[in-house]
Amino acid sequence: MKILRLTLAMLVVASFIAAAPAQVVIRGGRRVPAVPPNPQSLMALQQDLINAIESMKTALPIYDGNRVRSIHAAHAALVIVDREINGPKAATRTLPTVKDGGKRSDYTSGQITGSQTNMRNGYAGLQQALKDLVGAMGSNPNQKGLRVKAHIQTASAEATNAIQLHAAQG
């Protein structure tokens, strides 16, 4: 009889353990369940980065190198995301060939306005990528996730500098 009760008690305890979250993250002194990575967010992150790069590529080459640095940082993040989705032996996405150094005087105000819009759209894509990165990493990020975040933050800072450079000039 004691063995039956002990077995039943062990089953009850085991069911509670199985129902509990597998990982717990301590934040601000309190324990919260770990949020697992989300593959759909990883795919959305990939698309956000592609869209941001494409928007910035269509901007004029008038940003004193900020546009190029932003595109290259976003590309570095995209390569890591591609490898996470397709595996380490997947083909590497080629680096976009873009150059800056155009003169503002070579373009009309309408072209510059359109270029600023393209840079803002690229920046918005980078901000969306940061949001999707949170879902893609879950609450317990690994080193790859942290590198992607750093690249996106660099890309965002360069895009902001590019936008502000020409917004200040009128």
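A short reminder: the numbers here are calculations on the coordinates, not readings from a lab. Keep in mind it's a predicted model, so treat the numbers as computed, not measured. Methodologically, a virtual Cβ is constructed for each residue, glycine included, from the backbone with ideal geometry; neighbour enumeration extends over all protein chains shown.
Computed values, structure above
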{"read-out": "Summed residue charge, Cβ within 12 Å of MET137's Cβ, Lys/Arg positive, Asp/Glu negative", "value": "+2"}
{"read-out": "Estimated distance in nm for a label pair at ALA167 and ILE85, the labels positioned 7 Å out from Cα along Cα-to-Cβ", "value": "3.0 nm"}
{"read-out": "Measure of compaction for the range 31-170 (Cα Rg per 2.2 N^0.38 Å)", "value": "1.12"}
{"read-out": "Under the Karplus curve 6.51 cos²θ - 1.76 cosθ + 1.60, θ = phi - 60°, whole-Hz ³J(HN,Hα) for the range 74-86, x wherever Gly or Pro sits", "value": "5, 5, 4, 5, 5, 4, 5, 5, 4, 5, 5, 7, 9"}
{"read-out": "Sparsely packed trypsin sites (Lys or Arg not before Pro) within the range 70-134, loop by DSSP, other Cβ within 10 Å at most 12", "value": "LYS89, LYS99, LYS103"}
{"read-out": "In nm, spacing of pseudo-spin labels at THR160 and LEU95 (7 Å Cα→C-beta vector)", "value": "2.5 nm"}
{"read-out": "Leading residue at positive end of dipole, the range 51-139 (Cβ point charges), from TYR107, ALA136, GLY122", "value": "TYR107"}
